[in-house]
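Please read the structure below before turning to the comments.
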Amino acid sequence: MTAAPAVPAAALRLLLEQGFDSTSVDQLAAAAGISRSTFFRRFGSKEDMVFADQELVLSRVGEVLAGGGSPGPAVAAAALAVFDHHTAQREAALLRHRLLQKVPALRDRELVSTHRYEHAFRTFLGRALGGVEHDAGRRAATTAFAAAVVAVHNDHLRRWLRTPAETIRPELEARLDELCGLFGPWLAGQVPGQAGAPAEPQGTPGRPAVVVAVLDPGAGTESILQAVREALG
């Protein structure tokens, strides 16, 4: 298979019209304007075709993260790059969204994609910040920050998929900036008990604070940000 073939909108439309299980590879290949053998070589399977651009997006995330700058804003910029990719492929993105609503197995595959983004963000933060693995507070903060960035991104992308609007991207950028502000001191290691750190929140004195954010997959941006604010104390 090639590393990052484009998702053929015509094939996605056929899956919607005929049903995922009822559509053959031969029909999908014809809709995409390629032969059966080329379909298998390019995509591998029907499910892989639906997510054919995933590796491309992850590669783009890696490029943005490697571009330098502060770790938090770099993660925010990578999330914006993911949003830009999907919204630039408007027809394919909208068709795939509709298809995922009908096929539970594809929704499960989408969850795997979400975890891959979180993992990429956590790994990058661990390398960029240094010493995170030996600091419980900062390790928890990187995990919570990565999860919150993905959750806020997904909330805005779902809004765009329901009703595409140019105002959604600026709103996403603003919310990501807010997350960077909320998590900035924690990512920088300014946890309670250290010189120059913010006042220690309620809890056991002298122990590092651990940030845990449990986010409902269907939560909206404001509820996500409020959960983060409360977790940060």
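The values are calculated or read from the model by the stated rules, or taken from the named source; none is laboratory data. Quick caveat: nothing in here was measured; it's all calculated off a predicted structure. Heads up, the Cβs are rebuilt from the backbone with ideal geometry, glycines too, and the neighbour counts pull from every protein chain shown.
Just a few scattered comments:
- Among the candidates A88, A76, A105, A93, residue that is assigned by TED's automatic domain parsing to the domain that holds L172 and modelled with pLDDT of 95 or more: A76
- None of A151, A146, A174, A188 is at pLDDT 95 or above and either in contact with a strand residue (DSSP E or B) (Cβ under 9 Å, 6 or more places away or on another chain) or under 20 Å from A128 (Cβ atoms) (or both) except A146.
- Complete set of residues in region 114-134 that are of a type in the set (S, T, Y) and surrounded by 15 or more Cβ atoms within 10 Å (Cβ to Cβ): T114, Y117
- Residue within region 145-163 that is assigned by TED's automatic domain parsing to the domain that holds F183, crowded, with 18+ Cβ neighbours inside 10 Å, farther than 22 Å from L56 by Cα and in contact (Cβ under 8 Å) with a residue 24 or more places away in the chain present: yes
- Residue among F40, F20 that is in a helix (DSSP H, G or I), aromatic (F, W, Y) and outside the structural domain of K102 (by TED's automatic domain parsing): F40
- Among residues of region 51-80 being outside any loop (DSSP other than H, G, I, E, B) and among the polar types (S, T, N, Q), the one that is nearest to the chain's Cα centre (by Cα) is Q54.
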